[in-house]
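One structure is given here, and the rest of the page talks about it.
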Amino acid sequence: MKDKQTVLVVDDEPKILSLVKSYLEMNGYTALCAKTGGEGMAFFEGRKVSLILLDLMLPDFSGEEFCKKVRRVSEVPIIMITAKVEEASIIHGLNIGADDYVCKPFSPRQLMARVQAALRRGGGQDTGGGFLSCGDLLVDTNKRSVSRGGEPVALTRDEYNILALLMSRQAKIFTRDEILEAIQGDGFDRSVDSHIKRLRAKIGDDPRAPRYILTVYGMGYRLGAA
């Protein structure tokens, strides 16, 4: 029988821990529950965790700091759960490494749908076989090759690096400077727009209604849900 996936829940509210644990177990997951960031890190470092549900306001250190600590060593999917509903807080959470964001109060069924979606796409991470996927796009990071619907897509080195970067952390908004750094470019930030335009054309992404590469005006680009 296939091993259960383990979800780490870090939240200082006992009622939320109990509720989320109950729903996770009803949906076939193993739940690890921590009331502090320190306890959560101990679980993370000592157990194989498939996904993290993370409250931003913890008693010992912030969820943002917890997220940064995890991201230094792992690309495990992270869904932030918080009462902070301001757009700036959400964008900041996504930019420091979260894959998704759920605001309190939340529907447990919706939360489970988010968990299942994040685990299906592996949080945009390399799943160990060297593959990244989004819809019918597949990146083989070992061969540095790309296919769409099973058909190979020929990309330049920079185009491949941009696509692999965006797919490496779905939902994160990458600034033009971050993309330039990833392709080791020495141009100006608007040259990224030219790379994106050519990349969209090659992967069949309609620039008027893109599915794969979304423009976040004033900030940069992120991967779409396709």
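Remark: for residue pairs 15/104; 15/69; 68/202; 35/172, the C-alpha separation exceeds 23 Å in 15/69; 68/202; 35/172.
Taking 1.306 mPa s as the viscosity and 10 °C as the temperature, the Stokes-Einstein diffusion coefficient of region 6-120 based on its alpha-carbon Kirkwood radius rounds to 115 µm²/s. Cβ-to-Cβ counts within 10 Å put 43, 61, 66, 174 in ascending order as 61, 43, 174, 66, the fewest first. The mean sequence distance of close C-alpha pairs (under 8 Å, at least 6 residues apart), as a share of the length of region 131-223, puts its relative contact order at 26 percent. Shape summary of region 131-223, radius of gyration then Dmax from alpha carbon positions: 12.2, 34 Å. Fewest neighbouring Cβ atoms within 10 Å first, the residues 156, 30 line up as 156, 30.
No lab work stands behind these numbers, since they all come straight from the coordinates. A quick note: this is a predicted structure, and the numbers were derived from the prediction, not measured. Cβ sites come from the backbone with ideal geometry, for glycine too, and all protein chains shown count toward neighbours.
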